[in-house]
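Report on the following structure.
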Amino acid sequence: MKMKHQSSIANDVIHSCAQKLDTSVEKLVEEFEAGWTQETGDYSRKLVEFCCSKALTVECPYIQEKISDGSFSRLTFDMMLAWEMPTSQDEESHMEQVGKGREDRKLPANVPEEEEDDTPLFYTDLMPLLVNEEPSIGEDSFVWLGSLVPLAVDIVNGRFTFETLTAPTGHRLFFPGFKKFLQEIDQCTKHLQKHATPKGVELADDEFILHVEGTASSQRVVRHVGGTSWPGRLTLTNYALYFEATGVMTYDDALKIDLSKNISHTVKPAATGPWGAPLYDKAIIYESPELSEGIVLEFPEMTSSTRRDHWLALVKEIMLMHQFLSKYNVECPIQAWEMHARTIFGVIRLHAARELLRISPPSPTKFLIFALFDELPKGDYVLEQLAEGLKKVNSGHPCSACSILRAMNMSQSMLPSPEFEAVGKECTSASGEDNIPSSLESAINQVREEAKEVEIAKATTEVLKEEGIGESATILMELLKPLKNVVPWFQDVISWRRPAITLTMIAASLLIIYKEWVGQAIAAGLFWLVLKMILARCGRSQDKCNEVVVCSGSDQKITVESIVAAQFGLKNIHEMMQLSNISILKILSIIHAKARKQADMVMVAMTVVAIIFAVVPLKYMLIAITLHSFIMTSKLGRHIGNAQGNRRLKEWWDSIPIVPVRVVEDASQCPPSPS
């Protein structure tokens with residue numbers, strides 16, 4: 001039975017699904033229409049979704065052998081094609097675009113099909129195979145597949161994964177690359193199962209090895225303890241990190257670093273070198289309140305720090321996963337294990353992508369869930385939606401991450417009760433509900449837009465960060481000329497470093513506010529600043545702030561023969577100078593309307609505050625604000641802080657681009673000092 005309104009690929013997929021379910025197409029359509037209503041809409045696509053969901057339910061229990069023989073790759077790729085082109089009109093439109101593309105590029109209508117077995121190892125080598133008009137799928141269909149079976153993609157970070165995977169192929173995924181990706185996932189899964197358990201350790205039933213280095217067949221890992229170094233084997237699981245120092249004939253008993261504890265432990269990049277000098281930026285350091293000193297692990301390599309970044313992302317992912325489960329009180333073992341399974345698949349997908357893209361290794365966080373959204377602006381919104389969706393998860397469903405992990409022989413005993421085997425066998429009906437929650441999709445799209453804006457803004461700061469310490473100091477001194485010593489003194493007062501002056505300041509401020517002497521002055525000052533920004537936007541001073549010109553009076557160099565302690569101190573001072581320069585330049589960018597969106601927000605906020613100060617009696621309001629400002633900088637303030645509010649403010653600040661800086665040495669080129 002062929003349905004005329006469906007595309008040919010959709011008809012083929014529906015027919016294949018009926019065969020997998022051992023039923024007829026008529027009965028499958030009849031079952032779909034029993035639950036479909038006119039309000040649901042998009043009949044063709046919903047029919048494809050229904051049939052694919054039913055078919056995958058019977059395919060997933062045998063997913064490993066299906067991947068090995070290639071049938072799962074072909075079936076799921078056709079499903080994505082059918083989802084993208086469910087109707088005959090979609091197919092006709094696609095064929096017209098293909099024909100037009102052939103004419104524009106003067107390509108022959110028929111190009112011989114390449115043998116799938118000759119697919120090269122590197123995905124970037126697939127480009128010559130994809131110059132013809134072979135079918136390909138886009139981002140939306142790839143993410144949709146993740147809502148059915150979270151193997152090749154997870155719905156939470158699927159769009160970032162797709163963007164990275166398809167960067168060499170014009171952001172379209174072709175079948176050879178998709179098939180190779182699934183095969184690499186299967187190979188990585190089998191490879192991880194072959195690793196030996198760390199010496200002296202008995203892994204828990206739900207603990208699985210995710211990455212190992214330091215063996216005879218892999219690159220070295222070195223642990224630094226004081227002035228000594230110990231090579232060894234490093235093993236990461238979904239609960240802990242194990243380091244086994246290399247002995248005479250075998251490894252010593254493993255040192256366990258528990259990543260699942262709900263404590264304020266951290267892992268961050270570190271630099272190592274002779275006598276503790278920070279010369280080689282290729283290490284990580286794990287710090288915990290339970291340890292007297294941090295554990296330093298180095299990943300030596302000739303040029304870049306790719307290995308270190310890879311391990312750092314993986315360790316962070318495990319730590320953040322356990323923090324997520326603790327923060328959102330995920331106490332149900334089935335829900336917690338489902339999150340473990342999805343995290344494990346994220347790590348496996350990263351391994352597979354690194355094998356696929358060896359020429360240009362991808363960014364690790366693009367394939368991980370928690371490490372990605374921890375660094376993206378408003379990523380906590382996505383995690384909140386993920387926690388809500390986790391409460392509705394059905395880990396007994398054959399297509400859940402937990403079930404797929406078990407089907408691939410990585411999980412043996414996490415579902416001890418037989419009753420879980422039968423849970424979730426029901427398939428999604430044509431109820432009209434989207435597989436991907438709209439709130440989650442909205443949060444992800446918002447994060448992507450914010451991330452692009454922040455990335456553009458951060459790109460403007462990279463040049464400044466590359467400046468040497470001499471130039472950074474020169475720029476900082478030039479930018480701080482108008483302020484001189486006011487800022488350090490004010491910071492001392494606010495931070496209670498001078499208690500007597502601070503108390504005097506509080507008393508004087510409260511007196512002035514009580515007498516109502518400052519309301520109109522503040523309003524006038526704010527209106528004046530808004531007026532200055534509007535004038536700058538109209539072009540009065542915008543052209544003058546295309547860049548900040550700093551004249552370097554002398555060429556001062558830092559001697560190479562500095563001791564280690566001085567090097568550490570200079571490094572910290574350098575970072576403070578860069579941060580100060582960036583902060584001042586961001587403020588200039590707002591004042592001179594270089595960052596239009598942020599300037600709009602500042603002007604609106606300042607206008608609203610100015611109106612409030614001018615109209616509403618402010619005596620008690622300003623007294624409360626003043627007391628709050630001083631209390632928040634005291635010891636009492638740390639018990640009242642709002643972490644989420646601070647995060648929003650930081651993300652907004654990061655999105656502001658800076659004004660470019662140009663340093664000139666010739667005094668004749670220096671701009672005249674303002675009178």
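The values are calculated or read from the model by the stated rules, or taken from the named source; none is laboratory data. These numbers were taken from a predicted model, which means no experiment stands behind them. Here the Cβ is made from the backbone with ideal geometry for all residues, glycine too, and neighbour counts use every protein chain on show.
Can you find even one residue in segment 227-235 that is in contact with a Ser or Thr (Cβ under 9 Å, 6 or more places away or on another chain) and within 30 Å of GLU65 (Cβ to Cβ)? Yes, there is a match, as at least one residue in segment 227-235 is in contact with a Ser or Thr (Cβ under 9 Å, 6 or more places away or on another chain) and within 30 Å of GLU65 (Cβ to Cβ). Scanning segment 21-42 for residues that are buried (at least 16 other Cβ atoms within 10 Å of the Cβ) and touching a residue at least 24 places away in the same chain (Cβ under 8 Å) turns up LEU21, VAL25, LEU28, VAL29, PHE32, TRP36.
Taken across segment 271-284, residues that are surrounded by fewer than 16 Cβ atoms within 10 Å (Cβ to Cβ), in contact with a Lys or Arg (Cβ under 9 Å, 6 or more places away or on another chain) and assigned by TED's automatic domain parsing to the domain that holds LEU368 do occur, with at least one present. When segment 485-527 is filtered for residues that are in contact with a Leu (Cβ under 8 Å, 6 or more places away or on another chain) and on the phi > 0 side of the Ramachandran plot, only GLU516 remains.
Residue selection: GLU84 satisfies the criterion of being touching a strand residue (DSSP E or B) at 6+ places or on another chain (Cβ under 8 Å), assigned by TED's automatic domain parsing to the domain that holds TRP144 and not aliphatic (A, V, I, L, M). The condition of being in contact with a His (Cβ under 9 Å, 6 or more places away or on another chain), among the basic types (Lys, Arg) and either over 20 Å from SER292 (Cβ atoms) or in the same structural domain as ASN409 (by TED's automatic domain parsing) (or both) does not hold for LYS256.
A quick yes/no check of all residues on (1) out of contact with any Cys (no Cβ under 7 Å at 6 or more places or on another chain); (2) under 15 Å from LEU350 (Cα atoms); (3) touching a residue at least 60 places away in the same chain (Cβ under 8 Å):
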{"residue": "GLU163", "(1), (2), (3)": "yes, yes, yes"}
{"residue": "THR166", "(1), (2), (3)": "yes, yes, no"}
{"residue": "GLY170", "(1), (2), (3)": "yes, no, no"}
{"residue": "LYS194", "(1), (2), (3)": "yes, no, no"}
{"residue": "ASP206", "(1), (2), (3)": "yes, no, yes"}
{"residue": "VAL212", "(1), (2), (3)": "yes, yes, no"}
{"residue": "ALA216", "(1), (2), (3)": "yes, no, no"}
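Among the residues of segment 47-87, those that are touching a residue at least 60 places away in the same chain (Cβ under 8 Å), crowded, with 19+ Cβ neighbours inside 10 Å and of a type in the set (D, E, K, R) comprise GLU49, LYS54, ASP78.
Each row is one residue, and each column tells you yes or no for (1) within 29 Å of GLU30 (Cβ to Cβ); (2) modelled with pLDDT of 90 or more.
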residue: CYS52; (1), (2): yes, yes
residue: SER73; (1), (2): no, yes
residue: PHE77; (1), (2): yes, yes
residue: GLU92; (1), (2): yes, no
residue: VAL98; (1), (2): no, no
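Taking segment 288-305, which residues are out of contact with any helix residue (DSSP H, G or I) (no Cβ under 9 Å at 6 or more places or on another chain) and exposed (fewer than 15 other Cβ atoms within 10 Å of the Cβ)? Residues satisfying the conditions are PRO289, GLU290, LEU291, SER292, GLU293, MET302, THR303, SER304.
Residues checked against (1) within 27 Å of ILE404 (Cβ to Cβ); (2) surrounded by fewer than 21 Cβ atoms within 10 Å (Cβ to Cβ):
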{"residue": "ARG172", "(1), (2)": "yes, yes"}
{"residue": "HIS195", "(1), (2)": "yes, yes"}
{"residue": "ASP206", "(1), (2)": "yes, yes"}
{"residue": "GLY227", "(1), (2)": "no, yes"}
{"residue": "LEU241", "(1), (2)": "yes, no"}
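Could you check segment 225-309 for strands (runs of 3 or more DSSP E) lying wholly inside it with 3 or more residues that are closer than 18 Å to GLN323 by Cβ?
266-272, 280-287
Filtered by the rule that a residue be of a type in the set (Val, Ile, Thr) and assigned to a loop (DSSP other than H, G, I, E, B), segment 353-394 gives ILE359, ILE369, VAL393.
Looking across segment 303-356, the residues that are among the charged types (D, E, K, R) and under 18 Å from ALA283 (Cβ atoms) come down to ARG307, ARG308, ASP309, LYS316.
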